[in-house]
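Chemist: Please read through the structure below; I'll follow up with questions.
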Amino acid sequence: MRDPRYDILFSPMAIGPVTAKNRFFQVPHCNGMGHAMPLAHAAMREVKAEGGWAVIATEECEIHPSGDVSPYVEARLWDDRDIPALALMCDKVHAHGALAAVELTHNGPTASNLYSREVLIAPSHQPSKYGYPAQARAMDKQDIANYRRWHREAALRGMRAGMDIIYVYCGHDLSLAMHFLQRRRNHRTDEYGGSLDNRVRLLREVLQDTKEAVGHRCAVAIRFATEEMLGPAGIERAEAQDIVGMLAELPDLWDVNVAAWYNDSVPSRFAPEGAQEPFIDFVKKTTSKPVVGVGRFTSPDTMVSQIRRGVLDFIGAARPSIADPFLPKKIEEGRIDDIRECIGCNLCVSGDNTITPIRCTQNPTMGEEWRKDWHPERIAPAKSSMKVLVVGGGPAGLEAARALGQRGYEVHLAEGRRELGGRVTREARLPGLAEWARVRDWRLGQIRRMNNVATYLDSLLTAQDVLDFGAEHVVIATGCHWRRDGYGRTHGEALRDFVDNPAVFTPDDIMDGRLPDGPVALYDDDYFHTGSVIAEALRKAGREVFYVTPDDTIASWSAHTLDYRHIQWRMAELGVEQVVSHSITGFADGRLSLEHAWSGKPRTLDCASVVTITSRLPDDALYHAIAAREADWADAGIRTVTRIGDALAPGLIAHAVYAGHRYARELDEPAIDGVPFKRHFHTADASDILKP
Ligand code: ADP
Ligand code: SF4
């Protein structure tokens, strides 16, 4: 039963000519599938509609080949042949009573045209942002007329596909409508440049064009960035207030957020739930039209407060809808504890940035709805009454135990430590990572309500214990540890001076509370966020820190999760000194010897200790001990012993959760010898892709 305090979240609201059944609004988000994988894309959107979201939007949708964003795979409405792919999504979304929305865009100088090879266009001559290091040409009046026509035609195509809401995109520094507003991109001297009135002209015209074309049937929304965090070089709140004032009643809906994307989808390490409120709170006071905004909202109380305090009408969500497509349904059914809360790790973003289907740390079914037929809430019942012993209660073991329990198996989960959660419990204690504990908490919450899953703490199992236990299936999810010897991408063998050196530490030491003496040289050959988190922990403990990396910049992979700039800002704030493009050649007597990656020039750093963040080794001794006794398995009743997660190959938390989930899905299923998922086969025409 729904808590009456949350009733307001379920009151319908009109958006122009259409009505949303509740206040849950899945705002546009990229997914790496887009126009290239329409069946997978539609299935992903469908589960969210099924999960209760009243509005389901596409990602950016290109309207013309001169605004091609390749290699990023977004939606596309270049011509009529693109309609069926989006019609499929609309049908699936409508089947659950939700509205479908498409976010039309022409990205002008922030397109790439790598695929189309068209010349980039922009308000004025300027360098491109993506694609080749070339330039975009200034648009003349004919180009402006063409752009308006392309947008109008795409809106009509969107309507024919079945879309209920057509967006004019003016956000994230990614669309011509926004580029014309920006003084740094618009140097025109005609009626489209100069004064704010002139810079707003094109946006107003496109909104009017769209209303005229489809406004009788579709709502017209604007996605508008109210702040670019660039000072006077970008759109600032004061100017945004004027713009919203000028266009207040023109669109049927204001979808407002901040730009660029790294300021919008900020990782939880750098921004809490609801962080955008100070930048968008003026909008509802300026327009009578409904307003949607985002803030990684997962708490229904916060959502209600946003509406009651007059900040938002609709609770916008990308990440919370990815982590839990059934979030609205769970609130509606009074199942608040079942909400699988987003942890703000931004691995979902890395799908788009690596041009591959979206994935999520919390929700292992994300992106697998079509190709593996995985549903976020449903799973096939157990096919046998066999008992499963899961050894290790980290994300892999916890998810395996939970999903096996959901299937109905008798599960026993043994954990060597006094607490569950493995790496997430330990990493969540590091600065800024507290929300990562949600990976553990959600799974534990689910498991505690299952009477077919037993958990045992303080139970460090040996091979004999496992043999004595009497389970048919054994899952080894015993995790991994950081190497101390410096082996990794750069050093193909152990660094002699690191072996058995008490002044060399690993992230495991820091997480266990063993802090090195300063000054500390932190050696990062891992390139993701761990180095910066450890640097932050050490600075907060008062140590002087040199952040050394053989890479040409720190934390390079974190660009894929939008952490990168925030990490750089945080390191600067904390006074962490960076020593990039240097590998280590020795460490003795408080002196670290380095070599420049390109010049080979030697250098030394005086430091009391070193933290190595290079690579990890599986904790697989238990697995090998059991494997060595295979002759005893039959007597012990053991049929299979399987390593999963970090115990098999150390990876991200998402890999461990996925491995646990996959194990549970595949137990008692025939082994697949070949491609273990459905694929899209591309033919000449988009409509062919949709044929079964
Ligand atoms: P993953 O990310 O693959 O889930 P983690 O390192 O997070 O791996 O978790 C592994 C867990 O397994 C840790 O909590 C660790 O204490 C536990 N563990 C390791 N060896 C044993 C063992 N022999 N018996 C029980 N638990 C173990
Ligand atoms: Fe949230 Fe991380 Fe999942 Fe993205 S990948 S939705 S940030 S939990």
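The values are calculated or read from the model by the stated rules, or taken from the named source; none is laboratory data. Keep in mind that what you see is a predicted model, and the values were worked out from it rather than measured. Counting neighbours? That spans all protein chains shown, and the Cβs are built from the backbone with ideal geometry, glycine included. These area figures cover heavy atoms from the full protein model, side chains too; ligands, DNA and RNA do not enter into them. Shrake-Rupley method; radii C 1.70, N 1.55, O 1.52, S 1.80 Å.
Chemist: Could you report the chain's accessible area per residue, 1.4 Å probe, as an integer in Å²?
Modeler: Details: 26070 Å² over 692 residues.
That works out to 38 Å² per residue.
Chemist: Work out, step by step, the length gained on full extension between residue 553 and residue 625: first 0.36 nm times the residue separation, then minus their alpha carbon distance; give nm to one decimal.
Modeler: Length difference between fully extended and current span is 21.8 nm.
Chemist: First compute the accessible area of the stretch 88-196 with a 1.4 Å probe, then give the percent of it belonging to carbon and sulfur atoms.
Modeler: Carbon and sulfur together cover 50 percent of it.
Chemist: Using a 7 Å offset from Cα along Cα-Cβ at residue 204, what residues in the stretch 234-248 end up with backbone N under 15 Å from the label point?
Modeler: It comes to 242-248, nothing else.
Chemist: Using the crude model of +1 on Lys and Arg Cβ and -1 on Asp and Glu Cβ, and no other charge, please compute the dipole size for the stretch 546-656 relative to its Cα centre, in debye to 20.
Modeler: Dipole size: approximately 180 debye.
Chemist: If you put +1 on each Lys and Arg Cβ and -1 on each Asp and Glu Cβ, how big is the dipole of the stretch 4-353 around its Cα centre, in Debye rounded to 20?
Modeler: Once rounded to the nearest 20, the dipole reads 160 debye.
Chemist: On to the next question. Taking the convex hull of the alpha carbon atoms in the stretch 41-135, what volume per residue do you get, in Å³?
Modeler: Output value, Cα hull per residue: 95 Å³.
Chemist: Another one. Report, in debye and to the nearest 20, how large the dipole of the chain comes out about its Cα centre when Lys and Arg carry +1 and Asp and Glu carry -1 on their Cβ.
Modeler: 1120
Chemist: Residue 423 accessible area, nearest 10 Å², 1.4 Å probe?
Modeler: Roll a 1.4 Å probe over it and residue 423 shows about 50 Å².
Chemist: Taking the Cα atoms of the stretch 215-260, what is the range of coordinates along each of the three principal axes, in descending order and whole Å?
Modeler: Per principal axis, max minus min of the Cα coordinates gives 39, 20, 11 Å.
Chemist: Which percent of Cα-Cα pairs in the chain sits in each 20 Å bin, short to long?
Modeler: For the chain, the binned pair fractions read 17, 46, 32, 5, 0 percent.
Chemist: Past the 22 Å Cα-Cα mark, which pairs from 92/678; 48/387; 21/284; 211/289; 129/211?
Modeler: From 92/678; 48/387; 21/284; 211/289; 129/211, over 22 Å: 48/387; 129/211.
Chemist: Looking at the stretch 483-617, what % of the alpha carbon pairs are farther apart than 26 Å? Mind showing how you got there, number by number?
Modeler: Numbers: 1125 of 9045 pairs.
Summing the P(r) tail past 26 Å for the stretch 483-617 gives 12 percent.
Chemist: Mind checking which of 421, 569, 115 is farthest towards the positive end of the chain's charge dipole, using Cβ charges of +1 (Lys, Arg) and -1 (Asp, Glu) about the Cα centre?
Modeler: After comparing all options, I get 115.
Chemist: When ranked by the protection proxy of mean other Cβ atoms within 10 Å per residue, highest first, what sequence do the peptides 454-466, 383-395 form? The partial results should precede the final answer.
Modeler: Details: 454-466: 15.4, 383-395: 22.9.
Ranked from most to least packed, the peptides come out as 383-395, 454-466.
Chemist: Moving on. Where the eigenvalues come from the Cα gyration tensor of the stretch 537-625, what are the semi-axes √(5λ) of the equivalent ellipsoid, largest first, in whole Å?
Modeler: Equivalent ellipsoid of the stretch 537-625: 24, 21, 16 Å, largest first.
Chemist: Jot down the per residue volume, in cubic angstrom and as a whole number, of the convex hull over the alpha-carbon atoms of the stretch 339-450.
Modeler: Working: hull volume 12.5 nm³, N = 112.
So the per-residue hull volume is 112 Å³.
Chemist: Relative contact order of the chain: what whole-number percent is it, with Cα pairs under 8 angstrom and at least 6 residues apart?
Modeler: Computed over the chain, the figure is 12 percent.
Chemist: Also, I was wondering about something else. Quick one: divide the alpha-carbon radius of gyration of the stretch 4-353 by 2.2 N^0.38 Å and tell me what you get.
Modeler: Compactness ratio reported: 0.92.
Chemist: How long are the semi-axes of the equivalent ellipsoid of the stretch 383-509, defined as square roots of 5 times the Cα gyration tensor eigenvalues? Whole Å, largest first.
Modeler: So the three semi-axes of the stretch 383-509 are 32, 18, 12 Å.
Chemist: Let me ask you something else. Taking only the alpha-carbon atoms of the stretch 284-342, what semi-axes of the equivalent ellipsoid follow from 5 times the gyration tensor eigenvalues under a square root, in whole Å, largest first?
Modeler: 22, 12, 9
Chemist: Taking each pair of different alpha-carbon atoms in the stretch 599-679 once, compute 1/r for the pair, average those values, and report the inverse of that mean as the Kirkwood hydrodynamic radius in Å to one decimal.
Modeler: 16.9
Chemist: Ignoring ligands, DNA and RNA, please state the percent of accessible area on the stretch 483-617 from carbon and sulfur, probe 1.4 Å.
Modeler: Exposed carbon and sulfur together represent 47 percent of the surface.
Chemist: Related question: Counting only DSSP beta bridges with both residues in the chain, tell me the antiparallel percent, nearest 5.
Modeler: 20
Chemist: Over the stretch 486-566, with a single point scatterer placed on each C-alpha, what log10 of the ratio I(q)/I(0) does the Debye formula yield at q = 0.12, 0.23 1/Å?
Modeler: Values returned for q = 0.12, 0.23 Å⁻¹ are -0.36, -1.23.
Chemist: Using mean Cβ contacts within 10 Å as the protection proxy, how do 295-301, 356-362, 233-239, 397-403 order, highest first? Walk me through the intermediate numbers first.
Modeler: Values: 295-301: 20.6, 356-362: 23.4, 233-239: 16.9, 397-403: 29.7.
Answer by packing, highest mean first, reads 397-403, 356-362, 295-301, 233-239.
Chemist: Whenever you get a sec, line up 280, 336 from highest to lowest accessible area (probe 1.4 Å, protein heavy atoms).
Modeler: From most exposed to least exposed: 336, 280.
Chemist: Can you find, among 353, 608, 558, the residue sitting farthest towards the positive end of the charge dipole of the chain, where Lys and Arg contribute +1 and Asp and Glu -1 at Cβ?
Modeler: Final value for the positive-end residue is 353.
Chemist: Let me ask something else about it. I'd like the carbon and sulfur percentage of the solvent accessible area for the stretch 262-377, probe radius 1.4 Å, heavy atoms only, ligands and nucleic acids excluded.
Modeler: On the way: 1540 of 3260 Å².
C and S atoms contribute 47 percent here.
Chemist: Let me check something: with ligands and nucleic acids excluded, how do 417, 23 order by accessible area (1.4 Å probe), largest to smallest?
Modeler: Descending order: 417, 23.
Chemist: A follow-up question, please. Using R₀ = 30 Å, calculate the FRET efficiency as 1/(1 + (r/R₀)^6) where r is the Cβ-Cβ separation of residue 95 and residue 681; round to 0.05.
Modeler: 0.75
Chemist: Where q = 0.09, 0.10, 0.12, 0.13 Å⁻¹, what log10 of I(q)/I(0) comes from the Debye formula for the stretch 555-692, counting one point per Cα?
Modeler: For the stretch 555-692 at q = 0.09, 0.10, 0.12, 0.13 Å⁻¹, log10 I(q)/I(0) is -0.63, -0.74, -0.89, -0.94.
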